[in-house]
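J.: Could you have a look at this structure, given as structure tokens, before my questions?
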Amino acid sequence: METYWEEAGWEQLAPGVARRRMPGWDETTGVIVGETDVLVVDTGATLRDGAEIRRQITRLSGRRPTRIALTHPHFDHVLGTAAFAGCEVYGAAGLDELLRRDREPLRDSAIRQGVDRDAATEAADHLVLPHHGVSGELTLDLGGRPVLLANVGPGHTAYDLAVLVPGRPEVVFCGDLVEESGPPQAGHDAIPTHWPAALDRLLALGGEDALYVPGHGAVVDAAFVRAQRDELAARFGVSH
């Protein structure tokens with residue numbers, strides 16, 4: 001199974017757990033396969049990206065995706081969601097209202113970052129809002145495989161959701177709370193003075209031996225996350 005995933009451009013992290021670094025913006029999309037359900041973590045920057053992710057996961061796992069977790073409300077992580085018909089969508093509490101209100105700014109952000117105008121408009125027009133808001137923690141049963149969704153923000157945004165997959169090794173999908181391919185991006189919607197504390201919560205969630213999957217870049221360890229936490233604290237004048 002591992003060979004098939006890797007040949008299709010996915011990185012196998014643990015049995016039934018994989019991620020792909022999408023072309024264009026290098027954003028992570030992830031998948032966790034249980035006996036009855038398949039959870040996708042983030043859906044790409046366009047409906048075309050989302051459809052490709054859905055087709056690959058269906059072909060490689062033998063099951064259609066049934067649930068989606070959105071780690072934060074940036075275009076390259078949410079605009080492919082409408083390609084996953086029938087999926088239950090999860091996000092941090094309040095994400096549904098934000099996306100309902102900010103469809104146009106989301107579309108404009110995608111266009112500024114290089115998404116084709118028509119593709120960005122189509123994805124924003126068909127944007128799927130989360131059906132379930134997560135305050136604190138929520139455990140999903142994918143059929144013999146529990147997965148924990150944790151609202152660990154604010155930090156990179158006010159709506160940062162992490163996904164913990166128990167096992168050996170444990171895997172934590174971090175969204176853009178962690179970035180490996182460049183410095184963490186603190187845009188207009190970041191809450192930088194709270195970001196180090198969000199990474200403390202992320203480290204408490206995964207522990208020392210977990211694999212931490214950033215929103216952009218290669219998989220990292222706890223030491224990398226801790227170092228990035230300290231860099232952010234120094235950058236924004238936050239004491240330990």
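The values are calculated or read from the model by the stated rules, or taken from the named source; none is laboratory data. Predicted, not measured: the structure shown is a model, and the values here were computed from it. Glycine also receives a Cβ, built like all others from the backbone with ideal geometry; neighbour counts cover every protein chain displayed. Only protein heavy atoms, including side chains, enter the accessible area calculation; ligands, DNA and RNA are left aside. Shrake-Rupley method; radii C 1.70, N 1.55, O 1.52, S 1.80 Å.
Quick grid of which residues meet (1) outside any loop (DSSP other than H, G, I, E, B); (2) open to solvent by 50 Å² or more (accessible area, probe 1.4 Å); (3) of a type in the set (F, W, Y):
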site	(1), (2), (3)
P196	yes, no, no
L199	yes, no, no
L205	yes, no, no
E208	no, yes, no
V213	yes, no, no
A223	yes, yes, no
R235	yes, yes, no
V238	no, no, no
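J.: Follow-up question, since we're still on this one. Condition first: touching a strand residue (DSSP E or B) at 6+ places or on another chain (Cβ under 6 Å), without any contact (Cβ under 8 Å) to a residue 60 or more places away in the chain and not in a loop (DSSP other than H, G, I, E, B). Can you find one or more residues in the stretch 46-56 that meet it?
T.: Yes, there is a match, as at least one residue in the stretch 46-56 is touching a strand residue (DSSP E or B) at 6+ places or on another chain (Cβ under 6 Å), without any contact (Cβ under 8 Å) to a residue 60 or more places away in the chain and not in a loop (DSSP other than H, G, I, E, B).
J.: May I pose another question? Taking the stretch 104-127 only, how many residues are open to solvent by less than 70 Å² (accessible area, probe 1.4 Å) and in contact (Cβ under 8 Å) with a residue 60 or more places away in the chain?
T.: Residues meeting the conditions: 6.
J.: Ok, one more. When the stretch 178-212 is examined, which residues are found to be of a type in the set (A, V, I, L, M) and free of Cβ contacts under 8 Å to residues at least 60 places away in the same chain?
T.: Matches in the stretch 178-212: V178, A186, A190, I191, A197, A198, L199, L202, L203, A204, L205, A210.
This table checks each residue for (1) in a loop (DSSP other than H, G, I, E, B); (2) open to solvent by 20 Å² or more (accessible area, probe 1.4 Å).
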| site | (1), (2) |
| --- | --- |
| Y4 | no, yes |
| G9 | yes, yes |
| G24 | yes, yes |
| T29 | no, no |
| V40 | no, no |
